[in-house]
Amino acid sequence: MIDPFGRMVSYLRVSVTDRCDFRCTYCMAENMTFLPKKDLLTLEELERLCRAFIAKGVKKIRLTGGEPLVRKNIMHLVRALGERVKSGELEELTLTTNGSQLARFAGELAEAGVRRINVSLDTLDADKFRQITRWGELARVMEGIDAALAAGLKIKINAVALKGFNDAEIPAMIRWAHARGMDFTVIETMPMGEIDEDRTDQYLPLSELRAALERQFTLSDIPYRTGGPARYVEVQETGGRLGFITPMTHNFCESCNRVRLTCTGTLYMCLGQNDAADLRAALRASGDDAHLSAAIDEAISRKPKGHDFVIDRTRNRPAVARHMSVTGG
Ligand code: SAM
């Protein structure tokens, strides 16, 4: 699949549910209205959609959400897609999780063919963790991380950089992650969906964070890539990798290889734009995949050049109305 700007699309992110057991303040409002369960694609339908994308050249699939591990019977889909990894059709099956259910699922994920996961974690302080997630319990996430490491999964910790909340803690988090053999990535907060707080207050440009980190760490740019948008440095003092995801200060749209499928079968060709394609209709129109394949081609032909997120006092509105939990991270 090649888009109008010559970019090859080989990476599909699938939000398997918009529901989550946390309510991170920068991600969701406390009182969210979720999709009625009847609107969700079944796991079999999601699998069929994934297979159609694999047939068209997708090599990497990331399951996300909402919280992917709270979708009922999610391991059914993980195992089915894991078979595609084992057969070599798919290079990687991975997921992004808040870690709350990992203690239960880590072993099964590894058995199913998952090798790497991203765990989102914004602080190592239990009180601050409760504050930012509203509902989360740090100890459970830590148990989950331990279980995932014990199961042999490679972990990347993702932290959203939030001014005045975790910026001072990031160096300690880097040391903690690297001491446990985990990569660590920081992310700029994006203006997606209405939340209860002011994003302008939270937004921390990573150029500022990097300059602060360079006062205590020696950072060297490295060409390491995982197929996602992070740009990596090696931290000399820890020997570990540190990633920067900078949708605001430096967008990475020119190398975008991704599209995003929601749990209702809507395909978003860009995280930061509203244009989308309804693949559910194509999926349900016929049992053979020709119709679906044509709908995917048509969607890819509309992949936009990029997003134009801005956070400042004059434009303090979400750039897109949907929350991150609809399309996933
Ligand atoms: N529940 C899973 C998790 O916590 O990783 C997967 C979904 S969550 C929406 C994916 C990632 O998006 C998390 O790392 C979260 O911190 C990040 N995220 C949510 N809202 C964001 C925003 N407005 N800007 C930047 N990152 C955001």
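Structural remarks
- Selection status of Arg241, under 30 Å from His323 (Cβ atoms), under 17 Å from the mean Cα position of the chain (by Cα) and not aliphatic (A, V, I, L, M): no
- Pairs, first among the charged types (D, E, K, R) in region 92-109, second open to solvent by less than 30 Å² (accessible area, probe 1.4 Å), C-beta under 7 Å, six or more apart: Glu92/Lys60; Glu108/Met75
- In region 185-201, the residues that are more than 8 Å from the ligand (Cβ to nearest atom), crowded, with 21+ Cβ neighbours inside 10 Å and either not polar (S, T, N, Q) or not in a strand (DSSP E or B) (or both): Val186
- Top-ranked residue in region 1-46 [being modelled with pLDDT of 95 or more, more than 16 Å from the ligand (Cβ to nearest atom) and acidic (Asp, Glu); ranked as surrounded by the fewest Cβ atoms within 10 Å (Cβ to Cβ)]: Glu44
- Hits in region 204-222 - residues which are within 16 Å of the ligand (Cβ to nearest atom) and in contact with a strand residue (DSSP E or B) (Cβ under 8 Å, 6 or more places away or on another chain): Leu204, Leu206, Leu209
- Of the residues making up region 273-329, those that are of a type in the set (S, T, N, Q) and either open to solvent by 60 Å² or more (accessible area, probe 1.4 Å) or under 30 Å from Ile187 (Cβ atoms) (or both) are Gln273, Asn274, Ser301, Thr314, Asn316, Ser325, Thr327.
- Number of positions in region 62-105 that are of a type in the set (Val, Ile, Thr) and over 19 Å from Tyr11 (Cα atoms): 2
- Number of the condition not met by Ile132 [criteria: (1) free of Cβ contacts under 8 Å to residues at least 60 places away in the same chain; (2) of a type in the set (A, V, I, L, M); (3) under 27 Å from Glu188 (Cα atoms)]: (1)
- Condition check for Arg231: in contact (Cβ under 8 Å) with a residue 40 or more places away in the chain and either open to solvent by 50 Å² or more (accessible area, probe 1.4 Å) or in contact with a His (Cβ under 9 Å, 6 or more places away or on another chain) (or both): no
The values are calculated or read from the model by the stated rules, or taken from the named source; none is laboratory data. As the structure is a prediction and not an experimental result, all values here were calculated from the model. So basically every Cβ, Gly included, is an ideal-geometry build from the backbone, and we count neighbours across all protein chains shown. Surface accessibility is based on the protein's heavy atoms, side chains included, excluding ligands, DNA and RNA. Shrake-Rupley method; radii C 1.70, N 1.55, O 1.52, S 1.80 Å.
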